[in-house]
Amino acid sequence: MGKKKILIVEDDADTAKGLSVRLEAAGYPTVTAADSKSGIDLALRETPDLILLDLGLLDDNGFVMMKKMAAIEPLSSIPVIVVTGRSPQAYKEPARLAGAAGFLQKPVDNEELLAVIQKTLPD
């Protein structure tokens, strides 16, 4: 069985590309979206196994996107890992309460990224 597909919702093109390259090198197919609306549309179309979500998006913040996804049946069960430049002290617990399965602060260490993904998506 192939590796699980990951949707990256990140408004910074360089960060999205960097995450995508690292994940694809580890065998995870990726799709990317730059805002929450296209992220939700892509999630409905592509049915990813996991979503990496930035909190600071152009059209919404990641908390709003998680709330919207929780109300959409096929999306409500997809695990979300928050990947943000914001402070873990201020945002980690609110992200968990909003439904995030994990929290990573940018810049993300490759080993930590893969470890959190593997913990969230056991084979």
- Query: Of everything in the stretch 18-37 that's in contact (Cβ under 8 Å) with a residue 12 or more places away in the chain and surrounded by fewer than 15 Cβ atoms within 10 Å (Cβ to Cβ), which residue is farthest from L113 (Cα to Cα)?
  - Reply: G27
- Task: Among the residues of the stretch 77-110, write down those that are assigned to a helix (DSSP H, G or I) and under 18 Å from L7 (Cα atoms).
- Result: A95, N110
- Message: What are the pairs with Cβ atoms under 6 angstrom where one residue, in the stretch 92-106, is free of Cβ contacts under 8 Å to residues at least 60 places away in the same chain and the other, located anywhere, is basic (K, R)? Sequence gap at least six, or different chains.
- Response: F103/K92
- Item | Among (1) touching a residue at least 12 places away in the same chain (Cβ under 8 Å); (2) of a type in the set (G, A, S); (3) loosely packed, with under 13 Cβ neighbours inside 10 Å - the single one A71 does not satisfy | (1)
- Message: For a quick check of your reading: which helices (runs of 4 or more DSSP H) sit entirely within the stretch 1-76 and have at least 1 residues that are under 11 Å from the mean Cα position of the chain (by Cα) and either on the phi > 0 side of the Ramachandran plot or modelled with pLDDT of 95 or more (or both)?
- Response: 13-25, 36-46, 62-70
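The values are calculated or read from the model by the stated rules, or taken from the named source; none is laboratory data. Bear in mind the structure is a predicted one, so any value in this text is a computation, not a measurement. Heads up, the Cβs are rebuilt from the backbone with ideal geometry, glycines too, and the neighbour counts pull from every protein chain shown.
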